[in-house]
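Trainee: Please read through the structure below; I'll follow up with questions.
Bear in mind these aren't lab numbers, they're just calculated from the coordinates by the rules spelled out. Because the structure is a prediction, the values reported are computed rather than measured. With ideal geometry, Cβ positions are generated from the backbone for all residues, glycine too; neighbour counts draw on all protein chains shown.
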Amino acid sequence: MDTQYTTAYIGLGSNLGDRAGNLLMAVRALTEASFVVHKLSAIYETEPLEIESDTNFLNMVAEIRVTNVSASQMMARLMRIEYLLGRRDKSLNKPRTVDLDILFFGDTQIESELLTLPHPRLHLRKFVLCPLAEIAPNFVHALLKMEIADILARCEDSSDVRRWNPNAGLPITNGEEHAAEAGTE
């Protein structure tokens, strides 16, 4: 007997502390919350959008498979993960150790005080669309009736979004310098 699952897409972001470490801990926490992490996008570095901060965000998207969990239950688990990873202020315009947003929960459409699905602003944000298009370019937005790749192509967001390179800014050295440091010239 096949177990039915729902595919959800979660946006992950961080711009406080060890940003990459925060994302890694959030992914681990997703698995500990009984979510099956099926795919992960690359990590993207993005300038803050609608946030009072000088520190860039690291963002990514996870494709999650869940069984016997509603969208509201998933949101409650995500909020718990955010809290456990140090997020205390849920204000929209503040820096954060970790931010977890449900972008899609299958083709579910909800509008409540706690949760709106599909995410109401994802089609306006390249920092969500770029990693989402990487892992699910043909996923169709339930309300817009467009594939993610097409939404990204039409997105008017001009903010800077690029794949994160953890080694950017480190000095480039050649093997001779390493050999001299090790005393093996």
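Trainee: Full extension from Ser70 to Arg163: what is 0.36 nm times the residue separation minus their Cα-Cα distance, to one decimal in nm? Display every interim value, and only then the final one.
Mentor: Values: separation 93, 0.36 × 93 = 33.48 nm, distance 3.20 nm.
Length gained, Ser70 through Arg163: 30.3 nm.
Trainee: Please sort by residue number the GluC sites (Glu not before Pro) in the range 1-79 whose DSSP state is loop and whose Cβ has at most 11 other Cβ atoms within 10 Å. Walk me through the intermediate numbers first.
Mentor: Numbers: sites: Glu32, Glu45, Glu50, Glu52, Glu63; in loops: Glu50, Glu52.
Within the range 1-79, the qualifying GluC sites (Glu not before Pro) (loop, at most 11 other Cβ atoms within 10 Å) are Glu50, Glu52.
Trainee: Next up: Taking the simple approach of a point 7 Å from Cα along Cα-to-Cβ for both Thr31 and Ser53, what is their distance in nm?
Mentor: Rounded to a tenth, the inter-label distance reads 2.5 nm.
Trainee: Let me ask you something else. For the chain, what Kirkwood radius comes out of the mean inverse Cα-Cα distance, in Å?
Mentor: Details: mean 1/r = 0.0566 Å⁻¹.
For the chain, inverting the mean 1/r across all distinct Cα pairs yields 17.7 Å.
Trainee: Each label point is 7 Å from the Cα along the Cα-to-Cβ direction; what then is the distance between the points at Ala20 and Val140, in nm?
Mentor: Distance between the two pseudo-spin positions: 3.9 nm.
Trainee: Hey, what's the Cα Rg ratio for the range 17-68 versus the globular rule of thumb, 2.2 N^0.38 Å? Please list the in-between numbers first.
Mentor: Details: Rg = 12.9 Å, N = 52, 2.2 N^0.38 = 9.9 Å.
Taking the Cα Rg and dividing by 2.2 N^0.38 Å, one obtains 1.31.
Trainee: Given H placed on each backbone N at 1.01 Å, which residues far from Lys39 in sequence or on other chains put an amide H within less than 5 Å of it?
Mentor: Answer set, sorted by chain and number: Glu63.
Trainee: Let me ask another. So what is the 222 nm mean residue ellipticity for the chain from helices alone, if each DSSP H run of at least 4 adds -39500 (n - 2.57) and you divide by all residues, rounding to the nearest 500 deg cm²/dmol? Don't jump to the answer; show the numbers that get you there.
Mentor: Values: 5 runs with 53 residues, N = 185.
That calculation yields -8500 deg cm²/dmol at 222 nm.
Trainee: Output ³J(HN,Hα) for the range 61-72: one whole-Hz value per residue in order, computed from phi by the Karplus curve 6.51 cos²θ - 1.76 cosθ + 1.60 with θ = phi - 60°, and x for Gly and Pro.
Mentor: 10, 10, 9, 10, 10, 10, 10, 6, 9, 7, 4, 5
Trainee: Turning to a different aspect of this structure: In degrees, nearest 10, range 0 to 90: what is the angle between the Cα axis of helix 126-135 and the longest Cα principal axis of the chain?
Mentor: 90 degrees
Trainee: Could you name the lysines in cross-link range of Lys94, using Cα to Cα under 20 Å and dropping any fewer than eight places away on the same chain?
Mentor: Here the lysines satisfying the reach criterion relative to Lys94 are Lys126.
Trainee: Could you give each residue of the range 38-55 its phi-based ³J(HN,Hα) in whole Hz, using Karplus coefficients 6.51, -1.76, 1.60 with θ = phi - 60°, and x for Gly or Pro?
Mentor: Per residue, the Karplus-derived 3J(HN,Hα) values read 8, 9, 10, 6, 5, 8, 10, 9, 9, 6, x, 10, 6, 10, 7, 7, 9, 8 Hz.
Trainee: Quick one: net charge of His119's neighbours, Cβ under 13 Å, K/R +1, D/E -1? Could you put the intermediate results ahead of the total?
Mentor: On the way: positive: Arg121, Arg125; negative: Asp99, Asp101, Glu111.
Every neighbour counted, the sum reads -1.
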